[in-house]
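Encoded as structure tokens, the structure appears first; notes follow it.
The values are calculated or read from the model by the stated rules, or taken from the named source; none is laboratory data. As the structure is a prediction and not an experimental result, all values here were calculated from the model. Don't worry about glycine lacking a Cβ; one is built from the backbone with ideal geometry, like all the others, and counts go over all protein chains shown.
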Amino acid sequence: MELLTEAIKNLFKRPFTEEKSKEKDWFIRGKLILDISKCTGCSLCEKVCPSKAITMVEDNRTKLKKSPIIDVSECIFCGLCVDYCPTKALAFTKSCALVSYEKKDFVKG
């Protein structure tokens, strides 16, 4: 009975819809970028990636001598790698333009 009463009361109220401000900076998952200076080579990003878009390769620029290679064409933009990275070496850009005729343009490392 309470549900029916509440439904009837809400029938005569104005809609409760908030307008989204155009000035706000909304979160967009664009291209993945890697700041190699922050990367330790821990491989955590590779382990949590559900689409296996990240592979670790030998690299002397990191503490553990490994760095990630990101295949953006395989990425599902779930954000797990960004969330789990302990040093915040991975981040999303605001750019959503992911267009190319060459696969090599999607492999970053």
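Need a quick list: helices (runs of 4 or more DSSP H) entirely within the chain having at least 2 residues that are modelled with pLDDT of 85 or more and touching a strand residue (DSSP E or B) at 6+ places or on another chain (Cβ under 7 Å).
Values: elements: 2-11, 44-48, 80-84.
Those helices (runs of 4 or more DSSP H) span 44-48, 80-84.
Which residues, taken from segment 37-66, are within 13 Å of K88 (Cβ to Cβ), hydrophobic (A, V, I, L, M, F, W, C) and out of contact with any Cys (no Cβ under 6 Å at 6 or more places or on another chain)?
If we filter segment 37-66 for residues that are within 13 Å of K88 (Cβ to Cβ), which is where we start, we get 37-40, 42, 44-45.
Among the residues that remain, those that are also hydrophobic (A, V, I, L, M, F, W, C) are: 39, 42, 44-45.
If the condition is that a residue be within 13 Å of K88 (Cβ to Cβ), hydrophobic (A, V, I, L, M, F, W, C) and out of contact with any Cys (no Cβ under 6 Å at 6 or more places or on another chain), then C39, C42, L44 are the ones that fit.
Out of everything in segment 77-98 that is over 10 Å from the mean Cα position of the chain (by Cα) and closer than 12 Å to G30 by Cα, what residue ends up being surrounded by the fewest Cβ atoms within 10 Å (Cβ to Cβ)? Show your work before the answer.
So in segment 77-98, the residues over 10 Å from the mean Cα position of the chain (by Cα) come out as 84-89, 94-98.
When the remaining residues are screened for being closer than 12 Å to G30 by Cα, the result is 94-98.
Working: K94: 11, S95: 10, C96: 12, A97: 8, L98: 13.
Only one residue fits best here, namely A97.
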